[in-house]
Every structure is written in structure tokens, then in C-alpha cells.
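All remarks here apply to the structure that follows.
The values are calculated or read from the model by the stated rules, or taken from the named source; none is laboratory data. Not measured: the values here are computed from a predicted model. As a convention, Cβ positions derive from the backbone with ideal geometry for all residues, glycine included, and neighbour counts pool all protein chains shown.
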Amino acid sequence: MIRKLRLKFMAIFMTLVTLVLLGVSVSIYSSAERSVEAASREVLQRVILEADRSTTAPVFPSLGPVQLPYFTVNVTVHYWPVRTYTARVVTSTYGDLSDTAELEAVLSSSLSQPQAEGVVPGYDLRYLRQTSGQEIHLAFVDMSSEQAVLSRLMRSYLQIALAAFLLLLGVSVLLARWATAPVERAWRQQRQFLSDASHELKTPLTVILSNAELLEAAPLEERTARWADNIHSEAGRMKKLVEEMLTLARADNMVRTNVMTEVSLSDTVEDCVLAFEPVAFEAGKVLESHIAENVVVIGDQDKLRQVVSVLLDNAIKYGAEGGTITLTLQKTDRQARLIVSNPGEPIPPEQLRRLFERFYRADASRGEQSGFGLGLSIASVIADEHKGTLKAESDAVSTRFLFTMPVKK
């Protein structure tokens, strides 16, 4: 599907490019043709007025000096006793043209045409005819120079157009990849989401169904109680998963449920630290905090508490055994900055970029830790809703999550 989308994008882009190049090509050719024809007419006007000179050096406007072969002829009309013509070559750059069959054919063709200006078919000559009593003045200019100029111009432009077409074809490939990258990523995440959600939901459902079957056939009350506890526990996990998925679905659909009020982020963070100190102690880890006072923001207190809880829970779960979890809340002129760090193995850069993807876990092994891999995704969505940012860093010393958001002005 993505490949077809890219090809369609490239086809549309290159069609537009081709139409533009074709339009520019026709426009340039027409303009050049009119310019060259105008120059030829100018030369004809000059030579017919300067027929007494033997040579001229016509100049094409905006095309530079070009030598145009030409010649002028005066034709005298005799009406008695029969109508006859006497032709005399006045000036010529062709050499001696007197009494040649070609001259007779050229004069016959130009005199037989009704237009005073035109083209002599078959001879690549443009003519201009003026009549003065019994005298007909004719000027002829070689059109092969026009055709040569137009041919050279067109060849040059076609080469430029071909190079531009190939260059824009390469650009279209890059643009197609860039434009379809979000679609490809969304498509990949959707497929991964379906796979991961199926995996996560299958385990608690299997436990629930198994315990329900055993509950029906169990004769002993203590086993009944144990299986009932399992059903309640797994049902609770499923409920939590569904709620987290619903939170993300609302965020995707731009449904905002936040209640924005003035919140003391210092107090909120301190409450979360107090709540997680026993959790860290049971996990054999130390939780240290450095909380700046009077950090006030505008936001949803429950959502902000959820962000802090997700970061602390993640640090405690994946921090090194016996390590120290450090939480720091700082305040600048414009931002509140929360940093949660834990010691442990560094996370590779390719995995670090994916930490905020739904259902993704850096360890790639499911079931070793509780949770579904949605916590960081939800925290990132909440950060965006509060006009803040959430990012991760990792090195040989520790893994750090940095949450920033504007403070109250």
C-alpha cells in the first residue's frame, strides 16, 4: 500500500512538472520565434530602404549580431503592348543572381502571393514587397539563419529541460518518501498495535477462562477462593489495559478531558515521591528527590500526577538492582523541568527513539515486568496536552527522562 501511495505521489508530481516544463518550453519557443521573425522583418525594412548599399549587418534584438544573407530586386512593370516584367538585382550578399532560373522562380512566387510580406515556399526566404507606380521593390532575407537560431535554442532548452526533469524525478522520490513517512509509520504502528494488543489481552483472558472452568468443577472452597482471586486480578489487569487504550484513543481523536487549573507542581511531585518510596524500598532501591519550592503551573493535577507516577514506576522497574533513583524538579524563568534518572544498562539509540511507542518495551521480553508498555505513551500525550515535552536520554551512567512544561506567568 505504501509503495503504491509513493508511486501515485510521484506520478502526480512528475505530471505537474512535465506540464510546467512543456508550458515553459512552448512559451520560450513562441517568444523566440516571434523575436527572430521580428528581427527578420526589421532587416527587410532596412535593406529595402537602403537598397543602394551593397552590404548591411542586421542585428537581432536581444540575440546579438547575426549576419543574414539577403538581396533586393527592383521589378519594372511594362503594360504595352503586353504586360511584361523587367527585374534588376540591386544589392545582394549571394553573389551574382542575374538571369538565373532560381531568381525567376523566387520572383514569380513572391509576385503571385497576395500578401505584401510572407515566405517563399521551398527556398527558405522571407520577402517584403513594396509598390511605387510601375516599380515593385522586393527584399529577400535568408530564413535558414532563423531556423538555425531556433534549432540551437530548442536543443539547449531540451537539454536543460531533460536535466531538470531527471533532477526533479530524484527530488520527487525523496519527497514521496518524506510525505509518506508518517503514513508508513502509522501503518506500521497500527499493525504492531493489533499484534501487541492481541498478545496482551490473550494472557489475562486465558487465565480468566481457565479459572472460570476450574471454578465450575472445583469441589473445595480454598481452591475456589484462589481461583476467584486470579479471576479478579486478571480482570483488573484487563480493565487497566482497556482504560489506557481508551486514554490513547481519546488523544488520537483530539478529545480533551483535562481540567486546567493552577497546580503546585512541587506539592504534586512530593506526593508522588512519598507514595513510591515504599515501592522503591520493596524493590531494593533508594529513591532520592530534590524538589524546588513554589513551582506553579497551569494544568490538570491528576494528569500531571500520572506523568510523575509513570516516570517513577518506570525507573523503579527497570533501574539496576540496589541502585538509586533520583528525581529532580527545577524551575527556570519560563519552564518547570522534571528529571527522573535511574542507573542501569544504557539503552541503544535505536531503542531509545521507540520508548514512547505504544506497547513497546526496550527489553523486548513481555511478562518480565508488570504493565503493558503504554505508560510512557500516555505520559507523552499528557506532556503534549500541557504544551510540554517528554524525552529520554541514556548513557553508561544512567537513563534519564526529562519532562518540561511552561510555568505560570
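Identify the residue in the range 280-295 that is loosely packed, with under 15 Cβ neighbours inside 10 Å and touching a residue at least 12 places away in the same chain (Cβ under 8 Å) and, among all such residues, is farthest from the chain's Cα centre (by Cα).
Per the criteria, the residue is G284.
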(Q) So K409 ticks every box in (1) under 27 Å from E277 (Cβ atoms); (2) at pLDDT below 90; (3) not small (G, A, S) but one. Which box is left unticked? (A) (1)
Q: Please go through the range 44-66 and pick out each residue that is surrounded by 15 or more Cβ atoms within 10 Å (Cβ to Cβ), within 52 Å of the chain's Cα centre (by Cα) and either modelled with pLDDT of 80 or more or not aromatic (F, W, Y) (or both).
A: P58, V59, V66
Q: Test Y94 against the stated conditions and say whether it is in a loop (DSSP other than H, G, I, E, B), more than 15 Å from T76 (Cα to Cα), more than 56 Å from the chain's Cα centre (by Cα) and hydroxyl-bearing (S, T, Y).
A: yes
Q) Given the range 287-364, what strands (runs of 3 or more DSSP E) lie entirely inside it while holding 2 or more residues that are under 21 Å from K408 (Cβ atoms) and not β-branched (V, I, T)? A) 324-331, 335-342
Q. Does L287 meet the test of being outside the structural domain of E385 (by TED's automatic domain parsing) and at pLDDT 65 or above?
A. no
Q. Given the conditions (1) among the β-branched types (V, I, T); (2) at pLDDT below 90; (3) touching a Lys or Arg at 6+ places or on another chain (Cβ under 6 Å), which single one is not true for I378?
A. (3)
Q) Scanning for something surrounded by 15 or more Cβ atoms within 10 Å (Cβ to Cβ), of a type outside the set (D, E, K, R) and at pLDDT 90 or above, does the range 255-263 turn up at least one residue? A) yes
Q. Looking at the range 102-126, which of the residues that are surrounded by 11 or more Cβ atoms within 10 Å (Cβ to Cβ) and touching a helix residue (DSSP H, G or I) at 6+ places or on another chain (Cβ under 9 Å) is modelled with the lowest pLDDT?
A. D124
